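A quick write-up on the structure given underneath.
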Amino acid sequence: MTDWLSPEEWTAVRLSLLVASTAMLASLPLGLGVAWLLARGRFWGKSILDAAVHLPLILPPVVTGYLLLIWFGRRGPVGQFLDDWFGIVLSFRWTGAVLASAVMGFPLMVRAIRLSIEAVDRKLEDAAGTLGANPAWVFVTVTLPLCLPGILAGMILCFAKAMGEFGATITFVSNIPGETQTLPSAIYTFTQVPGGEAGAMRLTLISIAISVSALFASEALARLASRRVGAT
């Protein structure tokens, strides 16, 4: 692949994989917690939380990126705090691309996990509770294994969304080669220069291959998890 792609194109591929993988893994703990709250929780403001989680799917990605820039930019309230106290800068850095991709992919992850948790038979959880298990242990030993296919599906959906994210990312972290230029940004750049069609096509084929591979992997892992859950 390194002979087929130029160094700049290969850098965009590697950066996209890094950003998407980091966004997926960083979103997982919070995604599990929010999905459980939406599936099982009964509290005031649940509908507000649900709306907030799904808001990035409704808003134009550029709006989401602009809001991230306002809040997490160096002069933003959160961004300035992170910079002053921890030396963490998100805007115009690859870590900011991770944040933008995670925000855009988070609703898809939460929805898949939430539906999987809601499909778990409550009688199994109640049975574990009557045997003396506390709620946290019930979740770890009963609920989590049963909803594993949904968790895997949510992770893959988040990864795929992060791989294809463009609007929020380019608004928040710009299009800096080697730092924030992911596959969609690189494809956009190629389409704006004369003679860039070949590079755009190569990266498009790479994007399709990665997305299809992710879908196949999701289906295979979900089937494997379902078989193991059924065997138990």
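The figures follow:
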{"item": "Spread of Cα-to-Cα distances over 10 Å intervals beginning at zero, given as percent, for the chain", "result": "8, 27, 30, 21, 10, 2, 0"}
{"item": "3J(HN,Hα) from dihedral phi, the range 135-146, Karplus parametrisation 6.51/-1.76/1.60, rounded to Hz, x for glycine, proline", "result": "x, 5, 5, 4, 5, 6, 9, 10, 5, 4, x, 5"}
{"item": "Per-residue HN-Hα couplings for the range 150-167 [Karplus 6.51, -1.76, 1.60; θ = phi - 60°; Hz; x = Gly/Pro]", "result": "x, 5, 4, 4, x, 5, 5, 4, 5, 4, 5, 5, 5, 5, x, 5, 9, x"}
{"item": "Long-range HN-HN contacts of I176 with modeled amide H, under 5 Å", "result": "Q181"}
{"item": "Alpha carbon centroid spacing (whole Å) that separates the range 24-41 from the range 121-150", "result": "16"}
{"item": "Alpha-carbon spread of the range 22-90, three principal axes, descending order, Å", "result": "38, 26, 25"}
{"item": "Positive-end residue, the chain charge dipole about Cα centroid, Cβ charges, pick of A39, W4, S174", "result": "A39"}
{"item": "Under Karplus coefficients 6.51, -1.76 and 1.60, residue-wise ³J(HN,Hα) of the range 13-30 in Hz, glycine/proline x", "result": "5, 4, 5, 4, 5, 5, 5, 5, 5, 5, 4, 5, 5, 5, 7, 4, x, 5"}
{"item": "In the range 18-60, the chymotrypsin sites (Phe, Trp or Tyr not before Pro) that fall in loop regions by DSSP, at most 10 other Cβ within 10 Å", "result": "F43, W44"}
{"item": "Apportionment of accessible area to carbon and sulfur, the range 7-228, percent (1.4 Å)", "result": "69"}
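The values are calculated or read from the model by the stated rules, or taken from the named source; none is laboratory data. Bear in mind that the values here come from a model prediction, so they are computed numbers and not experimental data. Backbone-built Cβ (ideal geometry, glycine too); neighbour counts: all protein chains shown. All accessible areas refer to the heavy atoms of the entire protein, side chains included, with ligands and DNA or RNA removed. Shrake-Rupley method; radii C 1.70, N 1.55, O 1.52, S 1.80 Å.
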